[in-house]
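To start, the structure itself, in structure tokens.
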Amino acid sequence: MRHYASTCQGESHKATAKPCQDSSMSGQKDGVLVAVVCDGHGGDRYFRSDRGSRLCCEVTAKAVREFARKAPDDLFAGASLTQRGPLSTLDPADKLRRQDIMLRQLFASIIARWSEAILADAQASPLSDDERSQLKPEWQEAFEQGLDLEKVYGTTLMAYVQTRSYWLAFHIGDGKLVAYDGKEWSEPVPWDDRCFLNKTTSICDVDAIDKVRYCYCGDGSFPVAVFLGSDGIDDSFGPMDNLIDFYRQVAKAIVMEGPIKTRNTLANLLPQLSKRGSQDDMSVAYVYDEERLPALIPAIIRQQIERQEAAIASLRSTIEAEQAKAESLSEATSQRDTIERDYALKKAETLQLKMEAEEQRLANLQAELQSLPAPSQSEP
């Protein structure tokens with residue numbers, strides 16, 4: 001398995017001289033693969049969330065490696081993909097399952113270690129003059145007394161862990177974790193509807209342990225690729241299908257352009273995405289199976305072709321409807337009907353240009369598929 005992580009400062013943070021509040025990491029050590037993305041909260045109250053997200057990445061990576069080393073070898077043995085919503089919603093029977101008990105202990109350990117880390121940071125780094133100038137007196141007093149530090153350093157947490165015998169993922173807060181199993185793209189960690197618009201669950205919540213969502217699998221089936229992105233990424237793409245198509249492009253680039261070039265391209269692309277899209281900080285981490293992914297590139301391209309064909313069909317249907325509407329008003333006599341006819345014609349014209357662009361993209365994808373080398377006899 002290969003891995004990579006990249007973070008960039010958001011366009012809006014550059015404009016206001018705010019630090020990048022995202023953090024990400026990936027690594028593989030002692031047979032344990034880890035990828036983590038943390039998104040520190042915005043707002044004046046969370047004035048050290050950039051440190052909070054970095055510390056959260058660090059303690060999470062350490063905690064999951066220790067968990068993998070100490071957990072019983074058969075903890076997840078034979079378990080098919082098991083998905084759990086927030087711990088607070090678990091059925092009482094689930095709370096007694098050995099896997100769920102040990103995972104709850106893992107999450108509690110991460111939260112406790114993070115709390116210790118931010119306390120140590122606060123003690124080692126007193127408020128600076130710049131921080132004092134921007135804080136309410138009551139916030140300064142609370143900080144100096146070591147109170148409400150979780151708010152000061154608040155962050156979301158998203159992680160993927162893979163060993164030789166199982167994989168698991170967990171999440172508290174917003175952002176998206178997307179997995180590709182060789183056939184379908186999905187979000188294996190259940191979503192939490194409390195993460196909506198600018199509201200999110202967080203590791204800084206008093207009841208954070210009850211808001212962790214997670215999944216695990218120990219039946220020998222592993223994802224081909226997993227992508228973790230902070231909300232700055234998914235807010236820039238809107239619908240989930242657009243985000244998935246972005247990750248399809250990354251997966252293709254890894255194979256067709258090489259992992260190093262893809263990393264460089266992505267590092268340069270994220271600031272551009274922030275500028276054109278969410279304006280927010282952006283983090284993405286991914287892991288992939290370098291042996292399985294190349295053979296699946298034709299299937300990924302065919303998925304994109306199907307998506308393009310559906311988009312073009314939808315556009316064509318809308319254009320025809322607008323043209324029919326304009327035709328029905330061709331002998332309009334009232335000013336209102338004339339305006340509606342002209343609007344329908346203009347809309348059809350605009351959509352026609354968009355459809356032509358989509359048709360060109362479809363042609364490019366079809367050419368891309370045709371240009372792939374024929375599979376060898378040994379390939380499936």
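Brief remarks follow.
- Looking only at segment 231-275, and only at residues there that are among the β-branched types (V, I, T) and under 19 Å from L369 (Cβ atoms), the one that is nearest to the chain's Cα centre (by Cα): I244
- Residues that are among the small types (G, A, S), farther than 25 Å from Y153 by Cβ and either in a loop (DSSP other than H, G, I, E, B) or open to solvent by less than 50 Å² (accessible area, probe 1.4 Å) (or both) within segment 175-203 comprise A179, G182, listed in sequence order.
- When the residues of segment 80-102 are filtered to those that are at pLDDT 90 or above, in contact with a strand residue (DSSP E or B) (Cβ under 6 Å, 6 or more places away or on another chain) and not charged (D, E, K, R), the one that is least open to solvent (accessible area, probe 1.4 Å) is T82.
- Members of segment 268-283 found to be surrounded by 14 or more Cβ atoms within 10 Å (Cβ to Cβ) and either touching a Leu at 6+ places or on another chain (Cβ under 7 Å) or not in a strand (DSSP E or B) (or both), listed by number: L269, L270, P271, L273, S274, K275, G277, S278, Q279, D280, D281, M282
- Neighbours by Cβ (under 7 Å, 6+ apart or cross-chain): first from segment 364-380, at pLDDT 95 or above; second of a type in the set (D, E, K, R) and part of a helix (DSSP H, G or I): L369/R302
- Scanning segment 19-43 for residues that are of a type in the set (A, V, I, L, M, F, W, C), over 17 Å from D231 (Cβ atoms) and touching a strand residue (DSSP E or B) at 6+ places or on another chain (Cβ under 6 Å) turns up M25, L33, V34.
- Some residue of segment 296-315 being at pLDDT below 95, exposed (fewer than 14 other Cβ atoms within 10 Å of the Cβ) and more than 28 Å from H3 (Cβ to Cβ): no
- Residue ID - modelled with the highest pLDDT, chosen from residues in segment 215-243 that are aromatic (F, W, Y) and either touching a Gly at 6+ places or on another chain (Cβ under 9 Å) or open to solvent by 10 Å² or more (accessible area, probe 1.4 Å) (or both): F222
The values are calculated or read from the model by the stated rules, or taken from the named source; none is laboratory data. Every value quoted in this text rests on a predicted model; they were computed, and no experiment measured them. No Cβ is skipped: glycine too gets one built from the backbone with ideal geometry, and neighbour counts run over all protein chains shown. Just the protein is used for accessible areas: all its heavy atoms, side chains included, with ligands, DNA and RNA removed. Shrake-Rupley method; radii C 1.70, N 1.55, O 1.52, S 1.80 Å.
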